[in-house]
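What follows is a short report on a single structure.
The values are calculated or read from the model by the stated rules, or taken from the named source; none is laboratory data. Everything numeric here is computed off the predicted structure, so don't read it as measured data. With ideal geometry, Cβ positions are generated from the backbone for all residues, glycine too; neighbour counts draw on all protein chains shown. Only protein heavy atoms, including side chains, enter the accessible area calculation; ligands, DNA and RNA are left aside. Shrake-Rupley method; radii C 1.70, N 1.55, O 1.52, S 1.80 Å.
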Amino acid sequence: SNIMKKKVAFYLNNPTLPECDYSSIIKGNPGLGGSEYEFLLVPYLLEQRENEIEVYLFVNFKGTFPHKNVFCVRRLYDVCVLCRNMEINLLVVDIKYFDKNVLDGFSRSLSVLVWAHNTVKYSLLDLFVKLPYVQKIVNVGREQMELYRDHLATLKSTYIYNIFPIKEREYYAAEDRDNHNVVYMGSIVRAKGFHVLASAWKKVLSEIPDAQLYVIGSGKLYNRDAGLGRYGIAEKDYEDLFMSYLTNEKGEVLPSVHFLGILKEEKLGVMGKCKVAVPNPTGVSECLPITAMEMQLAGCSITTVLHPAYLDTVFNKSYLYRNPSRLAQYIIARIKSPSDDVGALYDFIQSRFGVEKNIERWEQLILHPDEVGVEEISEYNYHHKKIKEKLRVYKMRYPLLRCIPPVEIFYDGISTVKYYLSRMTEKLKR
């Protein structure tokens with residue numbers, strides 16, 4: 001029956017990943033970035049199921065993989081050549097590595113699913129609308145997709161939550177839930193906002209003197225070749241910034257701060273000892289952070305910024321602040337308030353990010369892409385979502401309105417506004 005199967009290839013591009021044994025990914029993330037983990041997990045899960053799909057995994061780093069069909073390649077061009085030779089006509093590629101120049105050359109034989117593990121730039125949305133071989137943009141979060149609701153790319157968009165395999169409840173329950181411990185987990189680079197937490201820490205201590213901060217991660221999580229500063233935690237300039245908040249006059253690390261580096265399974269034990277968790281306090285660069293799920297499953301209650309990534313992943317949204325300068329107040333309030341119910345947290349994460357429902361969405365998308373249509377908007381009215389939906393309907397009806405830029409540009413800053421002004425002036429010149 002193999003002849004009838006639909007062939008799909010996943011391309012995981014990250015040559016800096018170490019040679020490693022990745023064969024137990026079903027048990028959890030072995031210390032990869034979230035998007036790399038999903039690029040290994042989803043093809044593996046698709047292979048394990050009874051379906052009409054034959055899966056191929058293309059990687060450009062060595063390792064031991066549990067997948068049946070793994071090919072080591074150097075670049076996207078080689079992937080496309082192999083797809084053509086092997087009659088694979090659907091390729092899943094991370095938006096970071098979408099390369100129009102390469103893919104145009106194979107557009108006759110290859111359809112592409114763009115997997116958006118990063119926020120999608122408007123220039124790319126405009127491009128995806130025009131390219132017939134881009135079949136769908138797969139967002140990893142529903143709220144991320146809603147941000148550009150009033151862009152025509154919505155017609156080619158869907159979302160499938162990042163999958164987080166959970167088996168048993170046991171090892172997530174923690175003993176003492178009423179401690180004053182706070183945990184941060186993530187890459188220690190500027191985009192992940194650790195400096196915001198560092199700058200808030202002394203304020204937290206002034207109110208709760210026995211508070212402890214546990215920091216899981218390093219500046220090397222995504223780039224193993226990064227050159228680190230004197231404390232060996234992050235790149236020098238960035239380390240100098242956040243350590244100025246976490247050291248005393250002599251330059252010694254405060255006794256309440258514990259840097260633990262990159263941890264694998266041990267991270268659950270650390271998080272299990274903490275009452276409050278702070279994932280990326282600025283939300284910059286987040287789409288659907290698996291860290292937020294791991295933290296909650298370990299029994300932590302979260303406080304962080306009000307942002308699509310956390311509207312999707314945080315169970316108790318009452319401690320999401322609008323302004324990162326309020327982080328210290330929110331941590332203090334979170335420490336003083338009762339913890340969230342671990343059972344309810346577990347059910348929330350299992351029902352939303354569990355394997356079954358999301359892998360079925362992948363199967364549906366791969367086998368019947370045309371049946372995957374535009375969904376209703378979700379319940380949170382974040383960034384004027386209802387106005388965006390009306391605009392989308394009007395843009396569909398009246399093509400002249402399509403030159404109206406997306407509402408989101410007013411939140412996105414000067415560069416996006418400039419991009420749209422330049423586009424509109426070009427159109428007027430024509």
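Can you check what the net charge comes to around LEU306, using other residues whose Cβ is under 9 Å from the Cβ of LEU306 (Lys, Arg +1; Asp, Glu -1)?
Details: positive: LYS317, ARG322; negative: none.
Spelling it out: positives minus negatives among the neighbours equals +2.
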- Note on the structure: P(r) over all Cα-Cα pairs of the range 63-117, 5 Å bins from 0 to the longest distance, whole percent per bin, short to long, reads 4, 17, 30, 26, 17, 5, 1
- Query: Along the charge dipole of the chain, which of ALA277, LEU327, LEU124 sits closest to the positive end, that is, farthest toward it, with unit charges on the beta carbon of Lys, Arg, Asp and Glu (+1, +1, -1, -1)?
  - Reply: LEU124
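Ranking request for peptides 381-393, 68-80, 34-46: highest mean number of other beta-carbon atoms within 10 Å first, then the rest in descending order.
Numbers: 381-393: 15.2, 68-80: 17.1, 34-46: 22.4.
Descending mean neighbour count gives 34-46, 68-80, 381-393.
Given charges of +1 on the Cβ of Lys and Arg and -1 on the Cβ of Asp and Glu, with all other atoms neutral, how large is the dipole of the range 4-109 about its Cα centre, in debye to the nearest 20? Working shown, then result.
Working: 13 positive and 13 negative charges, 41 e Å.
Using Cβ point charges on Lys, Arg, Asp and Glu, the range 4-109 gives about 200 debye.
What whole-number volume per residue, in cubic angstrom, does the convex hull of the C-alpha atoms of the range 360-430 give? Before the final figure, lay out the partial values.
Numbers: hull volume 10.7 nm³, N = 71.
Here the figure is 150 Å³ per residue.
Dipole size in debye (nearest 20) for the range 191-302 around its Cα centre, Lys and Arg Cβ +1, Asp and Glu Cβ -1?
Details: 12 positive and 13 negative charges, 23 e Å.
With Lys and Arg at +1 and Asp and Glu at -1, about 120 debye.
So what is the accessible area of the chain per residue, in Å², with the probe set to 1.4 Å? The partial results should precede the final answer.
Values: 19600 Å² over 430 residues.
Heavy-atom SASA per residue in the chain reads 46 Å².
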- Item | Protein accessible area in the chain, 1.4 Å probe - carbon and sulfur % | 53
- Provide Rg and Dmax in Å for the range 286-430, with only Cα atoms included in the calculation. 19.9, 62
- Let me see the pair-distance distribution of the range 229-305: every alpha carbon pair, 10 Å bin width, integer percents in order. 16, 39, 39, 6
- Note on the structure: Rounded to two decimals, the Rg over Rh value of the range 349-399 from Cα coordinates and the Kirkwood Rh reads 1.10
- Assigning unit charges at the beta carbon (Lys, Arg +1; Asp, Glu -1) and nothing else, what dipole magnitude in debye, to the nearest 20, does the chain show about its Cα centre? 1660
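Per the Kirkwood formula on distinct C-alpha pairs, the Rh of the range 1-145 is how many angstrom?
Details: mean 1/r = 0.0632 Å⁻¹.
Taking every pair of different Cα atoms in the range 1-145, averaging 1/r and inverting gives 15.8 Å.
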- Averaged over all directions, how much area does the convex hull of the C-alpha atoms of the range 261-331 cover when projected, in nm²? 4.8
- At 10 °C and 1.306 mPa s, grab the translational diffusion coefficient of the chain from Stokes-Einstein with a Kirkwood Rh over Cα pairs, rounded to a whole number in µm² per second. 69
